[in-house]
1. Could you tell me whether residue 180 is loosely packed, with under 15 Cβ neighbours inside 10 Å, outside any loop (DSSP other than H, G, I, E, B), modelled with pLDDT of 95 or more and assigned by TED's automatic domain parsing to the domain that holds residue 272?
2. Looking for whichever is more than 9 Å from the ligand (Cβ to nearest atom), farther than 24 Å from residue 232 by Cβ and modelled with pLDDT of 95 or more here; the options are 162, 133. Which one fits?
3. Looking at 31, 46, which is the one that is closer than 22 Å to residue 83 by Cα and either buried (at least 21 other Cβ atoms within 10 Å of the Cβ) or out of contact with any strand residue (DSSP E or B) (no Cβ under 8 Å at 6 or more places or on another chain) (or both)?
4. If you take just the helices (runs of 4 or more DSSP H) that sit entirely in the range 47-128, which of them hold at least 1 residues that are at positive phi?
5. Taking the range 294-310, which residues are in contact with a strand residue (DSSP E or B) (Cβ under 7 Å, 6 or more places away or on another chain) and either surrounded by fewer than 21 Cβ atoms within 10 Å (Cβ to Cβ) or more than 11 Å from residue 127 (Cα to Cα) (or both)?
6. Taking residue 115, is it over 13 Å from the mean Cα position of the chain (by Cα) and either surrounded by fewer than 16 Cβ atoms within 10 Å (Cβ to Cβ) or more than 16 Å from the ligand (Cβ to nearest atom) (or both)?
7. Of the numbered conditions (1) in contact with a strand residue (DSSP E or B) (Cβ under 6 Å, 6 or more places away or on another chain); (2) over 17 Å from residue 238 (Cβ atoms), residue 391 fails exactly one; give the number of that condition.
8. What residue, of 77, 70, is farther than 23 Å from residue 2 by Cα, at pLDDT 95 or above and touching a strand residue (DSSP E or B) at 6+ places or on another chain (Cβ under 8 Å)?
Ligand code: HSE
């Protein structure tokens, strides 16, 4: 078997880049591996795409499964249906699969991985998390013997790009999102990026291999960046912080805390300097100490690089014959901790009338709920209007924050709901 026959389902941003990258690297791959990687078929719902491609073309991707001479199907359709049906049928027909589909894997990953092992075929999914960063290979292979204690990561290129533009150029949110879409970073439905859901999908995939636990992404508490205001970015900067959308996993003895939320990071934090479309994954583990992986997290070329890596590796395994896959048992003792038990420092922005006693009333309700204030700033603005009062707190429980903010927001001196952003060290 000196030829690896590849088919691509979905010729959008990632698909079209992958087809180009495969064509350009054909000679180099042959030199490096001794194998000829050939695009033999492609599928896309838009018939016009077929005119640009060599080989067979189908509008229905599931037709690819019926073609007997395909070794690897690259699924780049995105979304759950019909990607799920295509991947399942491909595996059952003895074809290996490479996918960038984090939504699909976070919902059906375990079923598809087990089905692939039963059918002795491979699923490559490096492009599903962290774009061009080799994070899946690192956690599944390079860190196989390490017990991971903590993960802190920026896993979404679109939101990081938006926050960078809002911070560095004071660009309005909507304009920054439009730019991210033009650059091919955002999901077809950008709400997945903005709401933090895409980050939660990716966190769920990483948790499976870092902590040996299957967690449905729906169980992860998620907050997005939709409500991040330019004002908060500016106050954070003045206080020496950057706002980033983070995925967080903390392992205690037998419990795991998982969450996705925008957070204030000190400007000298390793992740605070990750700008634009870049992603970074910080890990702490018993053998590795601290480790940071950094790279381009979204965009056609970055994803195509990761897809090509999977195609090459699977092609080489198929060529060798036999079947080799690492089995990932579940840690039965590990339980997901309730978000009520989380605690953190927080940034609070109150919008209150400017008159004597206001600060005292807010401070009283925070104190009553066991929240201690670390610092306060009140900008002297127009005293006749409501003014922003910004506080940084010491560490306190989630429950304390929700109780305190409910009580404070119902005071007659408060003019807008209070903004709370967690702080991460
Ligand atoms: N929309 C995703 C992002 C693409 O912005 O990170 C890469 O998974």
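1. Numbers: loosely packed, with under 15 Cβ neighbours inside 10 Å: no; outside any loop (DSSP other than H, G, I, E, B): yes; modelled with pLDDT of 95 or more: yes; assigned by TED's automatic domain parsing to the domain that holds residue 272: yes.
Against the criterion (loosely packed, with under 15 Cβ neighbours inside 10 Å, outside any loop (DSSP other than H, G, I, E, B), modelled with pLDDT of 95 or more and assigned by TED's automatic domain parsing to the domain that holds residue 272), residue 180 does not qualify.
2. Values: 162 fails: farther than 24 Å from residue 232 by Cβ.
Among 162, 133, only 133 is more than 9 Å from the ligand (Cβ to nearest atom), farther than 24 Å from residue 232 by Cβ and modelled with pLDDT of 95 or more.
3. Numbers: 31 fails: closer than 22 Å to residue 83 by Cα.
Going through 31, 46 in turn, the sole match is 46.
4. Numbers: elements: 63-66, 83-92, 102-118.
Of the helices (runs of 4 or more DSSP H) lying wholly inside the range 47-128, none has at least 1 residues that are at positive phi.
5. Quick first cut of the range 294-310, residues in contact with a strand residue (DSSP E or B) (Cβ under 7 Å, 6 or more places away or on another chain) only: 294-297, 302, 307, 310.
Of everything in the range 294-310, those that are in contact with a strand residue (DSSP E or B) (Cβ under 7 Å, 6 or more places away or on another chain) and either surrounded by fewer than 21 Cβ atoms within 10 Å (Cβ to Cβ) or more than 11 Å from residue 127 (Cα to Cα) (or both) turn out to be 294, 295, 296.
6. Numbers: over 13 Å from the mean Cα position of the chain (by Cα): yes; either surrounded by fewer than 16 Cβ atoms within 10 Å (Cβ to Cβ) or more than 16 Å from the ligand (Cβ to nearest atom) (or both): yes.
For residue 115, the condition - over 13 Å from the mean Cα position of the chain (by Cα) and either surrounded by fewer than 16 Cβ atoms within 10 Å (Cβ to Cβ) or more than 16 Å from the ligand (Cβ to nearest atom) (or both) - is met.
7. Tallying (1) in contact with a strand residue (DSSP E or B) (Cβ under 6 Å, 6 or more places away or on another chain); (2) over 17 Å from residue 238 (Cβ atoms), residue 391 fails exactly one: (2).
8. Values: 70 fails: farther than 23 Å from residue 2 by Cα.
Of 77, 70, the one residue that is farther than 23 Å from residue 2 by Cα, at pLDDT 95 or above and touching a strand residue (DSSP E or B) at 6+ places or on another chain (Cβ under 8 Å) is 77.
The values are calculated or read from the model by the stated rules, or taken from the named source; none is laboratory data. Keep in mind that this is a model prediction, so the values were computed, not measured. Please note: Cβ atoms are built from the backbone with ideal geometry, for glycine as well, and neighbour counts cover all protein chains shown.
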